[in-house]
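Single-structure report; data block below.
The values are calculated or read from the model by the stated rules, or taken from the named source; none is laboratory data. Note that this is a predicted model, so its numbers are computed, not measured. As a convention, Cβ positions derive from the backbone with ideal geometry for all residues, glycine included, and neighbour counts pool all protein chains shown.
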Amino acid sequence: MKEYAPHEIRNFAVVGHVGAGKTMLCEAMLACSGAIPKIGSITQGTTVSDYHASEREHQMSMHVTCMHTEWLGKKLNLLDCPGYADFAGDGLSALRVGDFALLAVHGAHGIQVGTDQAWDFATKYGLPKMIVVNALDRENTRFDTILEEARAHFGPKVFPLSLPLNAGPGFNRLLDVMRSEVVTYATDGSGKFTEEAASGPLAERVRALHKQLIELIAESDDTLMTKFFDEGGTLTEEELRAGVHGAIQSGTLVPVFAVSAQTDIGIARLLDIIAKYGSSPVDRARVPAQTASGAETEVRLDRPEPVVHIFKTLAEPHVGELSFFRVYSGGVTSNMELYNASRKVTEKLGQLLVANGKTRTQVTRLGPGDIGCVLKLKDTHTGNTLCAPGLALELAKVAYPKPKVHAAILLRTRGEEDKLAVGLNTLREEDPTFAHRYDGEIKQHILSGQGDMHLQVIAERLKRRFNVLVDLVEPRIPYRETIRGRAEAKYRHKKQTGGSGQFAEVWMRIEPLPRDTGVEFTECLVGQNVDRVFVPSVEKGVKTACNEGILAHFHVTDVKIEFFDGKMHPVDSNDVAFQVAGYWAFKEAFGAARPCLIEPICTVEVQVPEEYIGAVMGDISARRGKISGVDGDGAFQIVKAVIPQKELAKYSAVLRALTGGRANHTEAFAYYQELPAEFEKPVIEERKKQHAAEHNGH
Ligand SMILES: Nc1nc2c(ncn2[C@@H]2O[C@H](COP(=O)(O)OP(=O)(O)O)[C@@H](O)[C@H]2O)c(=O)[nH]1
Ligand SMILES: [Mg+2]
């Protein structure tokens, strides 16, 4: 394969809501351009993208898939992204290395949450966008209202470059606005088409559209604008064409295309526009970077030394770990040595490859702006930068969304903790959008990710790749124990066994502290009843009791303890005796100080379309939640509330059911609050049962 110059490359991320037909659209572009002989099928699992076992199993994209083809002498690097919010991290990685976003919208479903989210992500990266309205061969499509919706969401710059003339089953005719032509596709699936000048009412329509398009384009360019007015409100075809690229770049034009991926209608024209007017690496010739000392700098496309960004790593059975990268400057060749500034290691590249899903072709060199992959790097992971030895640059990192759902991991086989840790750490290097940690308070290993499906897929990977079988369950709630009143205890520990005995007496007072202050131990001993060397012993006993819990094995918190007097014996008193006395004195005092449980409360923000606000707020109240405000945010509202953690079990699934998948939410721990009395008894009983089961099992 030849090496492509930067202006001959089109890197783009295909993004949008799940089910819009992104994977199919990529398939259609590959087939139309001859990279594959025919279109595969999602249901039969024969598409180029979505080739992973889990993707075929769930029939949805979970990884970004790299594909490439050639059209009009340009190399198109397609990055098919998952639409499901659980896998949004890969979409972000792809947009990071794309030069524009191709936003797929389903011709019947229109603008959905995933569409808005993809738009926002692309905007965050300053990427130009093109919109494809797909599946226009389906029943009940509504191109015109989708166009209106898109303008309502994204602004008046959204403009159709093609319109369907006979949407619905049998769809094969388009009005091409740039060319003022009617394009008719053959119905034999050959992708062949004929073009004729629009006539009659269609000619009128296209003339009106043409005029609007010229105005849009002229707006983005002062000289064009002047010309436009000088020449009485028109531009030549030539000037128009010259302006389209610039207008797409600056975002004053967001072209919309009417297609059916499945039946290959409109795909060739889409490829034409991408090849002729789509952004290339030249349009993004400088990207921000940091030097080893943290100073801001930039990487320029024309710089001779290689700088590449790894945007995806993933392991495949029988292949090993693959690292996908984009070259930002200099070009790379097989067997080149590069420095990983993030991990501080030197890597040898090995054989360079370009991918079409699981089919990979060897290449000897990839020039600046191009995308490829290599196998088996030593210690280089998603998000790392590799560069010429001596450069030590790091490209700006992708800000991945924080994990928002949590599950406790239960090992099916005891003693596999180490295997689990190795598996999770390896997966985490590939996918930075999840996290895991051992929580000592609830004594569970917690897995956190973007959604329930994300967690489930991680569990499946642990099984497939590391042979670790786990169950994911709702994490325990870290209830805590505290007191509401003051109390005093005088506890004597005395034991006379054979030879030396044990003796200690501890007098203590306890009182409540404000929330989230923890346990405070002080002494105010006067006189010589107790030797001060035993103060740490008493403290240790108290801390042991606090960790074990007194009501139901939860941590004790927000208590002040004052060790104010006691008694000792010249021979039988020792460290252990005072620990024991401190332990029991505290337990006695605690029991007398009106103990209670407190529960964690979370702040929750729900992003939801206006029409579901009532349902979401009603549900929050039913969950003992308190709403603190509702803010407008474009087409969505943000409901802010505090809700007990106990009531947030499976909340993302609840929201999905409540709003037809149109809401997103975040939750974060806020503070502790007394658990209502009616819940206390069942919680204590449940915890005691759990504890007994755990301690019998060992
Ligand atoms: N009729 C029709 N169905 C389509 C078209 N594009 C995709 N589909 C179907 O819509 C479903 C979702 O497509 P897919 O490409 O997986 O969507 P993605 O989630 O956006 O990648 C699949 O069953 C496809 O076969 C199209 O142009 N016409
Ligand atoms: Mg897909």
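Structure values in brief
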quantity	calculated
Qualifying residue in region 16-39 (condition: within 16 Å of ligand 1 (Cβ to nearest atom), in a loop (DSSP other than H, G, I, E, B) and free of Cβ contacts under 8 Å to residues at least 12 places away in the same chain)	yes
Residue among 378, 344 that alone is surrounded by fewer than 21 Cβ atoms within 10 Å (Cβ to Cβ) and at positive phi	344
In region 428-446, the residues that are under 14 Å from the mean Cα position of the chain (by Cα) and hydrophobic (A, V, I, L, M, F, W, C)	434, 435
Test: residue in region 307-327 that is over 27 Å from the mean Cα position of the chain (by Cα) and at pLDDT 90 or above	no
Some residue of region 297-305 being free of Cβ contacts under 8 Å to residues at least 24 places away in the same chain and part of a strand (DSSP E or B)	yes
Residues of region 1-56 satisfying the condition of being among the polar types (S, T, N, Q) and either away from ligand 2 (no atom under 12 Å from the Cβ) or over 23 Å from the mean Cα position of the chain (by Cα) (or both)	11, 33, 41, 43, 44, 46, 47, 54
Region 395-404, residues that are of a type in the set (A, V, I, L, M) and buried (at least 18 other Cβ atoms within 10 Å of the Cβ)	395, 398
Residues located in region 421-447, provided they are assigned to a strand (DSSP E or B) and closer than 25 Å to residue 691 by Cβ	436, 437, 438, 439, 444, 445, 446, 447
Residue count, region 448-474 (criterion: part of a loop (DSSP other than H, G, I, E, B) and touching a strand residue (DSSP E or B) at 6+ places or on another chain (Cβ under 8 Å))	5
Filter result for the condition that a residue is surrounded by fewer than 21 Cβ atoms within 10 Å (Cβ to Cβ) and modelled with pLDDT of 90 or more, over 407, 435	435
Residue that is farthest from residue 273 (Cα to Cα), among those in region 49-83 that are among the acidic types (Asp, Glu) and within 11 Å of ligand 1 (Cβ to nearest atom)	55
Any hit, region 40-53, residues being outside any loop (DSSP other than H, G, I, E, B), crowded, with 20+ Cβ neighbours inside 10 Å, of a type outside the set (A, V, I, L, M, F, W, C) and on the phi < 0 side of the Ramachandran plot	no
Tally of residues being more than 29 Å from residue 74 (Cβ to Cβ) and aliphatic (A, V, I, L, M) across region 365-376	0
Single residue of 153, 106 found to be closer than 16 Å to residue 662 by Cβ, surrounded by fewer than 20 Cβ atoms within 10 Å (Cβ to Cβ) and of a type outside the set (Gly, Ala, Ser)	153
Selection count where residues are of a type in the set (A, V, I, L, M, F, W, C), part of a helix (DSSP H, G or I) and in contact with a helix residue (DSSP H, G or I) (Cβ under 9 Å, 6 or more places away or on another chain), scope region 563-601	9
Search result, residues across region 166-190 that are crowded, with 17+ Cβ neighbours inside 10 Å and either part of a loop (DSSP other than H, G, I, E, B) or on the phi > 0 side of the Ramachandran plot (or both)	167, 171, 172, 177, 178, 179, 180
Cross-chain or 6+ apart pairs with Cβ under 6 Å, region 687-698 first and closer than 11 Å to residue 553 by Cα and modelled with pLDDT of 85 or more, then in a loop (DSSP other than H, G, I, E, B) and of a type in the set (Lys, Arg)	none
